[in-house]
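Shown next, in structure tokens, is the structure this report addresses.
Just so it is clear, none of the values below were taken in a lab; they were calculated from the coordinates. No experiment lies behind these values; they were computed from the predicted model shown. Every residue, glycine among them, receives a Cβ derived from its backbone with ideal geometry; neighbour counts consider all protein chains shown.
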Amino acid sequence: MAIKPFDGTNDVAQKSERWTQDQIDAVERAKEQQRRREQEANQQRDANSQNRQAENRP
Amino acid sequence: MYTSDFSHWIETAKNTCEILAIFGGATWTYLNYFRGRIYNPRLECSVEASIAKHSGHSFLRVSVRIRNIGLSKVPIKQRGTALLIYSMPLQGRTALFPRQVQWDEPVAAFDVFSGRKWVESSESIAEVLMVALPHGDSFTYKIALKVVSGEIWWTAESLVGDTKDNG
């Protein structure tokens, strides 16, 4: 499978605008959701690790 | 009498030149400072992304950079500043006509430039993120860098993907 990423330097689009509270809130919600998912994934990984250790214990 | 008149004219010419110089300086300052906007906060944002594969896993390597191209210090607010990743929705069927892809909600969002409160004039700061991609996920993403400063929201966007035929 050939992976050919786009040339980022040519594809970058820039803009500046006045933000609205809704836009900021949406970004903060996305960041919070990301943090929550990572926390849950870490807890799941720790639980799996503890289960494996318990199974391997004589 | 003649010498007195000459001195008078010299004095008048000197005063006129001083007044013109003051007005000229004021005009230049006005154009330079207000119209030229060189002291307005200005950032140049960029984002580059590529997909890397290691041991059968796919990773998104993202490099974000902001550069202060103005002459004043630009403060950065963490609230609203982020790197957003959008995934292209997989369409079950081929489009009947050329149309723009609609990007939904971001599938991931990360804090960037967390330790920074401001960017000095001519200063450039960068960060590199490595994002593990879910197995079997589509390989076309829109990467958006959002930076908040005062009332302004700077955005830089880029696309990354592969050319494989998903069938």
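Based on the Kirkwood radius over alpha-carbon pairs, what is the Stokes-Einstein translational diffusion coefficient of chain B at 25 °C with 0.890 mPa s viscosity, in µm²/s? Diffusion coefficient, whole number: 121 µm²/s. Averaged over the residues of peptide A:29-39, the number of Cβ atoms from other protein chains lying within 10 Å of each residue's Cβ is 4. The amide H of B:V107, built 1.01 Å from its N in the peptide plane, has B:I85, B:Y86, B:S87 as neighbours under 5 Å, considering only residues 5 or more places off or on other chains. Quick note on the protein assembly as shown: its Rg to Rh ratio, both from C-alpha atoms and Rh being the Kirkwood radius, is 1.28. Rounded to the nearest whole Hz, the Karplus-based 3J(HN,Hα) values (6.51 cos²θ - 1.76 cosθ + 1.60, θ = phi - 60°) of the range A:13-19 follow the sequence 10, 10, 7, 9, 8, 7, 7, with x at glycine and proline.
Under a 5 Å amide H cut-off, with hydrogens placed 1.01 Å from N, B:F113 pairs with nothing among residues at least 5 apart or on other chains.
Which value at 222 nm does chain B reach when only helices count, each DSSP H run of 4 or more adding -39,500 (n - 2.57), with the total divided by all residues and rounded to the nearest 500 deg cm²/dmol? Display every interim value, and only then the final one.
Details: 1 runs with 29 residues, N = 167.
Rounded to the nearest 500, it is -6500 deg cm²/dmol.
Counting lysine pairs in the protein assembly as shown whose alpha carbons fall under 29 angstrom apart, excluding pairs fewer than 8 residues apart on the same chain, gives 29.
Please check chain B for the longest run free of GluC sites (Glu not before Pro) that are loop-located per DSSP (anything but H, G, I, E, B) and have at most 12 other Cβ atoms within 10 Å. Counting at most 12 other Cβ atoms within 10 Å as exposed, the longest clean stretch of chain B is B:1-119.
Relative to the dominant Cα principal axis of chain B, helix B:2-30 is inclined by about 10°. Only Cα pairs under 8 Å and 6+ residues apart enter the sum, and on that basis the relative contact order of chain B stands at 26 percent.
When Cβ neighbours within 10 Å are restricted to other protein chains, what is their mean count per residue of peptide B:74-81?
Working: counts 0, 0, 0, 2, 2, 6, 9, 3.
Taking all residues of B:74-81 together, the mean is 3.
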